[in-house]
Structures are given as structure tokens and as C-alpha cells.
Amino acid sequence: MDKSKKSQSLSNDLALTVARSGGVELPAEILEFTIDQVVDEGILKDIPIVGWLAKGFSVTRSISDRIFHHKVLRFLIELEEVSKSERKAFLAKVESDTGYRRKVGEHLLVILNKIDAFEKTSLLAKCFDHYLTRDIDFQYFVDLSYIIERTPLSDLNALCVPPNKRVIFSSVGIAVACGILEFGIDSPNAGEDQPELGTKMSKYGKDLRDIFLGQLRERLAKEKAQRKVLFGDENECFSDFG
């Protein structure tokens, strides 16, 4: 199989695995082992839902293969809390639309390969969880995933501190370049005439923080209720996957 067909097959398998892996299948067969045991001891090939991983990469199981296997398993395990009922529309779309399946699978394949820390995989899964439940659309998930990939892990961890704690980034310049901070105008302090240029959390930064802390859905519900009071009923923003 040439490289392009192999890559397409892997992306299709990855998208289908993500769509079908909710429920009891994954924990029953994987969670009794550590991820390292599954990857290093050859258990992977014997687990039907992810056996394609072992077959799709080199027989010698290079270091890069094992790292990728670890990332995929960690990603799937983090998504286990999303029930099959919540995945139903996503699964139907993945199974019926080959173009969509390829688009989703290829992006996950690329971003999981590029991510430089296992901990980032868990944060990426939290964002994909919000896509599966249609709190964000696919393009916004893509945007967030590239921000996670670019941002130092220390700064992503800074976004995870409790709401009553101050978020402190290792480098303001890097945080701006990665998209979690943006330049803005600070209000002048008492006795000062002119506002000053400073930095503030970007929309991406705010949304990532709320996703990591499990607060985005509550915030979106409040914002929707406020809009309803002002403008009446509205349609769901993301009624279908795309």
C-alpha cells in the first residue's frame, strides 16, 4: 500500500474508532492495563477496536510509533465519558459521509502526531468532547487544537488553575504568539488620563480555560438564556456536524 492510501486508511480508522469507542468496550479491555503496557507488551493488536493501530504502523514498533499509539489511547480514554447517545449523530455522519470521515480523521492524525506532550492529548480530548456534544463546531475545534499544539504545556497548565487563582504565563510574548493572549486597551487607573496598551485573554484563551475547567457549557447556557431574554428564541448554533 502506498503512503497516501495508508494515510487515508489510518485517518478513516481513527475517525471510526473515535465515533464507536464510547461505552463499555474500551474500559473493559484497556483500562485494566496501563497505557504503556498496552503499547509496549503487544496487547494493542489483540484489542479489536484499536487493533488497526498495531497493523497500520511498522512491525518493528519504532519509538515514534509507540508514542503515537500512546497518544491515541490516551485520547480515546479521555473521551470515554461521552456517552454513545451523545455520539449518535457524529457516528452516523462518520459512517455515511466518507469526505467528512476523512476530514476528521486526517486532522486528528496530524494533530496527534504533532503534539509534543502526552498531557496535551488529554486537553485536546476535552476540546473534542465539546465538539462531539456540539458546543463548538469543527473549525473552532481545529483552531483550538492548533493553539494547544503550539502553546507550551506550562502555559496550558496555567489555564487550568482554579477560577479564584491568577493565570500567570511563562512568557507574555509567547502567549500572544500562540493566541491565548491578545493586545488590548487597559482602562486608566484613578488619576491617569490615558488608557494603556496591554494584554488580555483572547476568546480562544477564555474558551480553552472554560473547557479545561469544565465551565464552558454552563457559560454558553447562560449566554443563550440572556440572548433569549433580549431577542427571543433562537436556533441551535451547531445543529449538525460539519
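If you go through the stretch 126-134 one residue at a time, do you hit one that is outside the structural domain of PHE90 (by TED's automatic domain parsing), modelled with pLDDT under 95, not β-branched (Val, Ile, Thr) and not in a helix (DSSP H, G or I)?
Yes, some residue in the stretch 126-134 is outside the structural domain of PHE90 (by TED's automatic domain parsing), modelled with pLDDT under 95, not β-branched (Val, Ile, Thr) and not in a helix (DSSP H, G or I).
Which condition from (1) at pLDDT below 95; (2) at negative phi is the one that ILE111 breaks?
Of (1) at pLDDT below 95; (2) at negative phi, only one is false for ILE111: (1).
Mind listing whichever residues of the stretch 141-164 are not polar (S, T, N, Q) and not in a helix (DSSP H, G or I)? Before you say what the answer is, go through the steps one by one.
Going through the stretch 141-164, the residues not polar (S, T, N, Q) turn out to be 141-144, 146-150, 152-153, 155-156, 158-163.
Listed by number, the residues that qualify are PRO152, CYS160, VAL161, PRO162, PRO163.
I need the full set of residues from the stretch 78-125 which are without any contact (Cβ under 8 Å) to a residue 60 or more places away in the chain and either in contact with a Cys (Cβ under 7 Å, 6 or more places away or on another chain) or outside any helix (DSSP H, G or I) (or both), in order please.
ASP97, ILE115, ASP116, ALA117
The values are calculated or read from the model by the stated rules, or taken from the named source; none is laboratory data. Note that this is a predicted model, so its numbers are computed, not measured. A quick note on method: Cβ atoms are made from the backbone with ideal geometry, for glycine too, and the neighbour counts reach across all protein chains shown.
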